[in-house]
1. Pairs to check: Lys50/Lys169; Lys230/Lys268; Lys27/Lys230; Lys166/Lys190; Lys178/Lys230; Lys230/Lys346. Give those whose C-alpha atoms are more than 24 Å from each other in this structure.
2. Is segment 127-169 best put as rounded, prolate or oblate by its Cα gyration tensor, with a ≥ b ≥ c the root eigenvalues, rounded for a/c under 1.5, and otherwise prolate when a/b is larger than b/c, oblate when not?
3. Considering only segment 136-268, what is the antiparallel percent among its DSSP beta bridges, to the nearest 5?
4. Based only on Cα atoms, what Rg/Rh ratio does segment 222-293 have, Rh being taken as Kirkwood's radius?
5. What does the convex hull of the alpha-carbon atoms of segment 39-142 project to on average, in nm²?
6. Connecting C-alpha atoms closer than 10 Å in a GNM of the chain, tell me which of Pro256, Pro267, Pro238 has the biggest fluctuation.
7. For the chain, modelled as a Gaussian network with Cα springs under 10 Å, which listed residue fluctuates most, Ala44, Ala191, Ala118?
8. Normalised by the number of residues in the chain, what is the relative contact order in percent for Cα pairs under 8 Å and 6+ residues apart?
Amino acid sequence: MKLTRREFVASVPLGVAVAPRAVAADKWPRVPLGLLIYSYGIRARAEKDKGLADPLRFLHFAHERGANAIQIPLGAQSPAEARTLRRVAEKADMALEGIVAPPTDDHAALERFTAELATAHNCGATVVRTVLLAGRRYETFTQASDYTAFVQRAQAMLQRAEPVAKKHKVHLAVENHKDFRTEELLELLKAISSEFVGVCIDTGNNLALLEEAPATIAALAPYGRTVHLKDMAVEEAPDGFRLAEVPLGQGVLDLPALIATIRKAQPKIRFHLEMITRDPLSIPCLTEKYWATLERVSGRALARMLAFVRQNTRPEPLPRISSRRLQEQLEVEEANVRASWDYVAKTGLIPQS
């Protein structure tokens with residue numbers, strides 16, 4: 001049963017603050033969609049002093065917006081703190097998923113990772129999302145050998161992480177994060193070969209690596225542990241194209257088909273909205289640096305993607321946000337999330353599991 005705001009606040013132990021009320025709960029429909037903290041990146045930075053990125057506060061914030069789950073860094077909490085978060089989430093009928101950095105090759109990093117997975121387990125989270133490259137492949141590397149070395153480090157990190165994930169029975173979901181093309185990520189997962197290491201499926205990221213979404217999602221779906229659901233818009237650029245998240249239903253992705261593919265392979269997987277409000281990303285696929293680590297990609301893939309971009313470029317430019325006043329940025333961010341929420345509610349985009 002859905003809690004009212006008063007019931008939710010009453011369920012939080014004394015002395016624990018919750019996020020300030022921003023919207024009336026009855027104005028946001030309850031939908032089978034989780035909320036990713038990155039969808040409120042501008043607000044989280046602007047309200048750092050209010051602690052929006054605190055898991056308990058963000059849980060309350062997302063509950064008011066009708067979410068059925070959150071994905072957020074859970075950190076390393078005491079068992080008592082973790083149990084409190086778990087109890088509040090269960091009363092709100094919401095799921096928790098974590099975000100962690102993988103363990104590098106030093107002991108302190110492994111200890112930190114172990115503590116965070118213990119916290120995730122104590123919170124009742126069965127999935128934590130991770131990325132193996134913080135940046136974007138075509139921006140980070142200038143020569144193929146550097147990328148090869150990264151792949152070796154990535155495999156080593158997963159090999160260190162897997163026993164910890166297995167011990168705590170928490171699935172590590174590696175996001176396709178503009179770092180690996182699909183076949184490369186699958187090679188990495190097959191080398192680890194563990195039920196506790198899978199994929200956080202991002203529905204839009206691989207466009208930046210000249211891969212079409214239907215094929216990417218079909219290949220990754222059997223390994224899916226959680227989903228970053230987003231829609232994308234594109235526009236032509238002199239050095240390639242630009243790519244931007246837009247509210248669900250307003251972009252170029254066939255979301256019903258992608259969701260159906262994922263649900264066929266993973267009927268109980270959770271979807272989290274990733275609607276990052278920011279300037280469009282540059283995909284400089286007509287520059288020499290872009291190809292430094294992508295020599296195996298065919299000219300046909302480039303041609304198909306540029307044709308796709310040309311066919312789907314909007315008459316008006318993609319929106320830019322960085323030059324606007326902070327208050328305007330906050331308003332646009334909220335409107336983008338709300339538009340996505342309303343689209344899911346009106347269309348039944350995500351079937352109830």
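No lab work stands behind these numbers, since they all come straight from the coordinates. Given the structure is predicted, the values throughout are model-derived calculations rather than measurements. Here Cβ is always computed from backbone atoms with ideal geometry, including for glycine, and neighbour counts include all displayed protein chains.
1. From the list (Lys50/Lys169; Lys230/Lys268; Lys27/Lys230; Lys166/Lys190; Lys178/Lys230; Lys230/Lys346), the Cα-Cα distance tops 24 Å for Lys50/Lys169.
2. In terms of gyration-tensor shape, oblate.
3. 45 percent
4. 1.07
5. Mean projected area of the Cα convex hull: 8.1 nm².
6. Of Pro256, Pro267, Pro238, the Gaussian network model singles out Pro238 as fluctuating most.
7. Comparing Ala44, Ala191, Ala118 in the GNM, the peak value goes to Ala191.
8. Rounded, it is 17 percent for the chain.
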